[in-house]
Amino acid sequence: MYSRTNPAFLRGMTQSRSVTRRDALRLGGMSAAGLALAACGVQGKKVEAPQQDAVAEYWGSKKKNGTLRFANWPLYIDKDGKRYPSLEMFEADTGIKVTYTEAIQDIPTFFGKIQPLLAANNDIGYDLMVLTNGLQLSKAIALGYLVPLDHSKLPNFAANATSVVKNPTWDPNNAHTVPWAGGLTGIAYNPKYVDEVKSIADLWNPKYKGKVGMMLDTQEVANFGMFALGIDPDKSTEADWKKAGEKLKQQRDAGLVRKYYENDYVDALARGDIWITMAWSGDIFQQVAEGKDLRFVVPEEGGTIWTDNLCIPKTSQNPVDALTFMDYVYQPKIATMLVESINYITPVSSAKDLVLADAAKATGKEKAALEQIAESPMIFPSEADMAKLRSYKKLDPGEEKAFEDIFQPITQG
């Protein structure tokens with residue numbers, strides 16, 4: 001039977017994972033997007049699902065080899081000491097030996113390493129990798145770097161994946177990717193200083209002058225500027241960006257913003273340096289798990305959702321083994337093991353009931369930790385919250401410059 005990791009270790013994993021993700025956002029700008037919302041392409045090229053004959057042509061001669069080389073982010077899988085229980089179960093159930101590597105520190109750097117190899121049709125050393133939605137993943141799809149998935153070999157995904165992760169506009173019909181885990185950008189506040197928060201307008205409230213935290217990342221802050229004006233980022237135009245930029249400048253020039261933060265907003269909020277801030281769900285869950293009295297909400301105007309995705313590079317030496325793993329993790333029992341360890345949004349909604357079942361059998365601190373996971377809207381967002389979530393705007397190269405020219409001076413000026 002799988003032995004649950006202790007709550008302190010769960011919190012440490014969440015904290016470490018959020019730091020690497022924040023670095024990726026800062027370095028990549030485009031590295032996080034929605035679970036099912038962002039339209040994608042390269043230089044304006046529309047991304048379309050591959051034809052079924054292309055899928056059949058690729059997979060027709062492929063065989064299971066008994067080997068899988070898996071590249072992931074650091075501390076982003078269930079881990080019990082030096083063991084990875086889900087990987088060990090996968091090896092026992094399938095006979096496939098996994099070499100697991102924490103090779104991804106940020107998406108731009110990782111993609112920069114593998115792109116020349118993929119372009120030359122050379123092996124990148126991995127059969128399966130986790131990429132975050134955004135510019136690099138869009139390029140990988142549009143340039144033909146990812147294998148078209150054979151969904152006849154993904155029955156667990158078909159049966160158990162929540163509807164919001166199926167048929168995303170950036171990857172129609174999940175032609176090349178299936179989600180690994182996701183997270184939210186919303187508002188966090190310290191109830192010692194701030195009453196209940198429901199609206200993005202609270203980030204513009206004069207009574208919090210000098211105590212508001214905003215994010216340094218341009219796409220994050222741009223989304224909130226657009227949300228404040230009732231603009232859907234996915235459908236936004238350059239004219240909308242200019243309006244959102246003016247809204248954000250008003251906030252800055254009025255002295256409301258103490259600082260445009262990277263990951264350091266978390267400590268500032270806990271200390272009381274800021275009272276209300278843009279925030280990432282995993283960061284706040286970790287703080288609450290450690291006993292900090294902080295709150296996280298998806299504001300009524302909207303919040304941002306992003307996802308990390310499993311995908312197979314075209315030079316994979318063991319694609320059948322990779323596809324087998326992609327489907328394996330969509331078993332509810334495996335999804336439950338993962339969510340209990342990494343504390344991010346699972347693409348398998350039935351995992352919540354299994355977390356509660358585990359909590360019912362547990363005692364003491366382990367029971368409390370599992371109940372906290374199951375009851376957290378940061379890990380299991382409500383349908384009402386999901387309806388308010390949007391992604392980052394997909395930008396072609398020309399749009400990216402105009403976008404940065406508007407929002408970068410606000411956060412870095």
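Assigned to a strand (DSSP E or B), of a type in the set (A, V, I, L, M) and modelled with pLDDT under 95, is that true of I284? No, not satisfied. Look at (1) of a type in the set (V, I, T); (2) farther than 15 Å from V165 by Cα; (3) open to solvent by 10 Å² or more (accessible area, probe 1.4 Å) and you find that I345 fails only one, number (2).
Can you tell me which residue in region 248-262 is surrounded by the most Cβ atoms within 10 Å (Cβ to Cβ), limited to those that are in a helix (DSSP H, G or I) and in contact (Cβ under 8 Å) with a residue 24 or more places away in the chain? The qualifying residue surrounded by the most Cβ atoms within 10 Å (Cβ to Cβ) is L248.
Annotation: F110 fulfils all but one of (1) in contact with a helix residue (DSSP H, G or I) (Cβ under 9 Å, 6 or more places away or on another chain); (2) closer than 19 Å to D321 by Cβ; (3) in a helix (DSSP H, G or I); (4) not charged (D, E, K, R); the unmet one is (2).
Name every residue in region 357-413 that is surrounded by 16 or more Cβ atoms within 10 Å (Cβ to Cβ) and free of Cβ contacts under 8 Å to residues at least 24 places away in the same chain, in order of residue number. Across region 357-413, the qualifying residues are A359, E371, A374. Determine if region 90-113 includes at least one residue that is at positive phi, under 21 Å from the mean Cα position of the chain (by Cα) and surrounded by 19 or more Cβ atoms within 10 Å (Cβ to Cβ). No. The residues in region 317-332 that are touching a helix residue (DSSP H, G or I) at 6+ places or on another chain (Cβ under 6 Å) and among the small types (G, A, S) can be counted, and the count is 0. Of the residues L135, L118, L131, L143, the single one that is closer than 22 Å to I77 by Cβ and either open to solvent by 10 Å² or more (accessible area, probe 1.4 Å) or among the hydrophobic types (A, V, I, L, M, F, W, C) (or both) is L131.
For region 177-201, taking the residues that are aromatic (F, W, Y) and surrounded by 19 or more Cβ atoms within 10 Å (Cβ to Cβ), the one that is farthest from M378 (Cα to Cα) is identified as W180.
Within region 263-281, being among the β-branched types (V, I, T) and assigned to a helix (DSSP H, G or I) holds for one residue alone: V266.
The values are calculated or read from the model by the stated rules, or taken from the named source; none is laboratory data. As the structure is a prediction and not an experimental result, all values here were calculated from the model. Glycine gets a Cβ as well: all are built from the backbone with ideal geometry, and neighbour counts include every protein chain shown. Ligands, DNA and RNA are excluded from the accessible area calculation, which covers all protein heavy atoms including side chains. Shrake-Rupley method; radii C 1.70, N 1.55, O 1.52, S 1.80 Å.
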